[in-house]
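The values are calculated or read from the model by the stated rules, or taken from the named source; none is laboratory data. It should be emphasised that the depicted structure is a prediction, and the values quoted were computed from it without experimental measurement. Positions of Cβ are generated from backbone atoms using ideal geometry, with glycine treated the same way; all protein chains shown enter the neighbour counts. Remember, those area values only see protein heavy atoms, side chains included, never the ligands or the DNA or RNA. Shrake-Rupley method; radii C 1.70, N 1.55, O 1.52, S 1.80 Å.
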Amino acid sequence: MSIQIIYEDDYVIVANKPNNVLVHHAHHSRNKADELSLLQLLEQQTGLKLYPVHRLDRKTSGIILLTKKTEFVSKFQDLFGADEIQKTYYGVVRGFAPASLVIDSPVKGRDADVYKEAETHLKQLETVTLEIPVKPYDTSRYSLVELTPKTGRLHQLRIHMNKISHPLMNDAKYGDKNHDLMYEREFGWTKLFLHAGSLVFKHPFTQEDLNLKADFPQDWIAMFDRFDWKNPLGH
């Protein structure tokens with residue numbers, strides 16, 4: 001599997017992570033031998049040992065920032081901490097999402113019962129009504145949404161979409177199985193429709209202003225065509 005490299009300099013590689021690829025294996029992971037992580041795939045491809053600055057869920061595709069030396073990580077993480085990196089995600093959700101919404105609802109952290117503040121800004125970009133019944137309705141409705149997280153909690157966007165009753169499509173944990181089954185049956189689309197589309201930031205070492213975009217996976221391109229939706233990343 002070849003990984004698309006979006007940007008590279010002396011400090012970082014910015015890559016486009018495919019769906020269903022772990023960024024790195026946990027030390028206690030049982031499946032180390034079964035599948036290569038993003039870090040392993042990139043090391044094979046570039047010969048470099050890389051260090052991720054932030055997380056992307058296994059099932060989420062899109063842009064991820066990795067440094068070439070461990071001592072570079074903190075400078076980039078400081079940008080995330082100071083909200084000086086703008087992360088933009090795109091999702092396809094069930095139903096007609098609101099035109100815009102700020103979702104300010106705590107999300108359970110990695111520590112089982114500790115809830116942490118979490119904020120997501122939503123903007124609806126496109127909608128479609130399909131003449132395909134999904135119980136209990138005779139038709140099915142979907143929206144393309146732009147999601148800007150202001151915090152970086154585990155599964156934040158997936159949980160927030162579920163909380164406002166517009167779950168992401170093909171989200172096995174927080175989604176709607178009836179709609180997901182229809183997507184698979186009618187279109188053959190089974191991967192989570194959540195994509196980290198862009199990062200905008202000032203490079204902490206070179207001071208260059210960067211606006212970096214990760215192309216959508218193939219299922220998304222097929223969907224834009226099928227639903228007559230405009231590609232928000234402009235391709």
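What the Cβ-Cβ distance of His203 and Glu35 gives, at R0 = 25 Å and to the nearest 0.05, is a FRET efficiency of 0.20. In the complete set of protein chains, residue-level accessible area for Lys123 is approximately 100 Å², probe 1.4 angstrom.
Put Leu181, Leu22, Leu122 in order of accessible area, highest first, and with a 1.4 Å probe you get Leu181, Leu22, Leu122. Only Lys, Arg, Asp and Glu carry charge here, each on its Cβ (+1 for the first two, -1 for the last two); on that basis the stretch 187-235 has a dipole of about 100 debye about its Cα centre. Using the Cβ-Cβ distance between Glu43 and Thr129 with R0 = 30 Å, the FRET efficiency computed as 1/(1 + (r/R0)^6) comes to roughly 0.05. Placing dummy labels 7 Å off each Cα toward the beta-carbon, the span from Asp225 to Glu84 is 4.3 nm. Contact order, relative form, for the stretch 69-165: 31 percent (alpha carbon pairs under 8 Å, 6 or more residues apart, mean separation divided by residue count). The GluC sites (Glu not before Pro) of the stretch 124-172 meeting both criteria, a DSSP state outside H, G, I, E and B (loop) and at most 14 other C-beta atoms within 10 angstrom of the site's C-beta, are Glu131.
List, in the order given, every pair from Lys68/Lys191; Lys49/Lys202; Lys69/Lys191; Lys108/Lys191; Lys191/Lys213; Lys150/Lys177 whose Cα-Cα distance in the structure shown is over 26 Å. The pairs that break the limit, which is 26 Å between Cα atoms, are Lys68/Lys191; Lys69/Lys191; Lys150/Lys177. From its DSSP helices (H runs of at least four residues, each -39,500 (n - 2.57)), the chain gives a residue-normalised ellipticity at 222 nm of -5500 deg cm²/dmol. For the stretch 179-235, averaging the sequence separation of C-alpha pairs within contact (under 8 Å, six or more residues apart) and dividing by the residue count gives a relative contact order of 24 percent.
For the chain, DSSP calls about 95 percent of its internal beta bridges antiparallel. Heavy-atom accessible area for Val102, with the other protein chains in place and a 1.4 Å probe, reaches approximately 80 Å². Largest first, the residues Glu119, Glu84 sort by 1.4 Å accessible area into Glu84, Glu119.
For Cα pairs less than 8 Å apart in space and 6+ apart in sequence, what is the mean separation divided by the residue count of the chain, i.e. the relative contact order in percent?
19 percent
Only aspartates and glutamates eight or more places from Lys87 in sequence, or on another chain, were considered; those with a Cα closer than 15 Å are Asp57, Asp78, Glu119, Glu146, Asp209, Asp215. Label-to-label distance, Lys163 versus Ile5, with points set 7 angstrom from Cα along the beta-carbon direction: 3.9 nm. In a simple Cβ point-charge model (Lys, Arg +1; Asp, Glu -1; nothing else charged), the chain has a dipole of about 580 debye relative to its Cα centre. For Val12, the amide hydrogen comes within under 5 Å of the amide hydrogens of Lys68, counting only partners 5 or more places away or on other chains and with H modelled in the peptide plane.
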